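Let me begin by presenting the structure, written as structure tokens, before commenting on it.
The values are calculated or read from the model by the stated rules, or taken from the named source; none is laboratory data. Worth saying up front: this structure is predicted, and the values here are computed from it rather than measured. When we count neighbours, we look across all protein chains shown, and the Cβ atoms used for this are built from the backbone with ideal geometry, even at glycine.
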Amino acid sequence: MRRRFDWPAYLILSLGVVLFVFPVWLVFAGATQDPGAINRGDLSLMPDFAHLGIFLSVLLHGDSSHGAEPVWHMMMISAAMALVIAVGKIVISVLSAYAVVFFRFPFRMLAFWTIFITLMLPVEVRIIPTYAVMADFHLINTFAGLTVPLLASATATLLFRQVYLAIPDELVESARMDGAGPIRFLFDMLIPVSGANIAALFVILFVFGWNQYLWPLLVATDSRLDTIVIGIVQLMNEGFTLTPWNTMMAMAVLSILPPIVVVVAMQRWFVKGLTEVEK
């Protein structure tokens, strides 16, 4: 029996692809065109393939005419920041959820609910006290200042807690009878069980760290710590007589490549981690 072609679903999916791809294509095309023409509103939908070298030039040199860091350097800062945030959040969340679920200590649930309540505090409320703490520890304009305040995650802790609560008591008792200590139980049982969730969280947290803007803008005034997002915005806000739109668009295209690579490379685990319900 032939399957009926579900054309409404394909039509909606195709429309979604166009809506997501069209802005990226527009920025790609604009990167190869004259910034004066873009300022006049003469942006063509077709790229000028003779000027594709702008991507390599921007990657290696950036907007050097205004003293900006090379784009490769900004991307390295962004990648390092995203990796530290993603790995740090996962490690801290796994350990905190492990402690809350499997250890019995005074005020255990109070500790969990204290972590959970932080979800209700918007970032803007925590910005000033967090900045004050970083200043007291002399971490302004340091890589640690960029990453340390963003390492804890109440959402990830809650997710891992729910995964660990679903583990049968019989499995815990069996591991204990086999002589598995807390560390061995964590690495041999819990981490493999939550592997798909870890992969899905890594993708989400990497993109989260890569796209950080407000906190790097406040805590890092040294141009050597500029992330790619900060670099793009600075081109627009420097007050130039002519904004280098082609350079800015080339930087924008380059900035989306690492997150795309991470998402594509971990797509199978990402989907599994979001959809898997049986543990």
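Inspect all residues belonging to the stretch 127-149 and state whether any of them is assigned to a helix (DSSP H, G or I), touching a Leu at 6+ places or on another chain (Cβ under 8 Å), within 24 Å of M109 (Cβ to Cβ) and in contact (Cβ under 8 Å) with a residue 12 or more places away in the chain.
For the stretch 127-149, residues assigned to a helix (DSSP H, G or I), touching a Leu at 6+ places or on another chain (Cβ under 8 Å), within 24 Å of M109 (Cβ to Cβ) and in contact (Cβ under 8 Å) with a residue 12 or more places away in the chain: absent.
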Quick one: which helices (runs of 4 or more DSSP H) sit completely within the stretch 203-274 and have at least 1 residues that are closer than 30 Å to V163 by Cβ and among the small types (G, A, S)? 245-265
Would you check which residues across the stretch 168-188 are surrounded by 15 or more Cβ atoms within 10 Å (Cβ to Cβ) and either among the hydroxyl-bearing types (S, T, Y) or at pLDDT below 85 (or both) and list them? V172, A175, A180
Output the number of the condition that V101 fails; it satisfies all remaining conditions of (1) in contact with a Ser or Thr (Cβ under 9 Å, 6 or more places away or on another chain); (2) in contact (Cβ under 8 Å) with a residue 40 or more places away in the chain; (3) not small (G, A, S). (1)
Of (1) at pLDDT below 85; (2) over 20 Å from the mean Cα position of the chain (by Cα); (3) more than 19 Å from V91 (Cα to Cα), R126 satisfies every one except (2)
Residues being over 28 Å from the mean Cα position of the chain (by Cα) and either farther than 25 Å from F116 by Cβ or assigned to a helix (DSSP H, G or I) (or both) - total across the stretch 154-187: 17
Given the conditions (1) under 17 Å from Q212 (Cα atoms); (2) in contact with a helix residue (DSSP H, G or I) (Cβ under 9 Å, 6 or more places away or on another chain); (3) part of a helix (DSSP H, G or I); (4) at pLDDT 90 or above, report the number of the one that I92 does not fulfil. (1)
Taking only the stretch 152-183 into account, find how many residues are in contact (Cβ under 8 Å) with a residue 24 or more places away in the chain and either touching a strand residue (DSSP E or B) at 6+ places or on another chain (Cβ under 6 Å) or of a type in the set (S, T, N, Q) (or both). 3
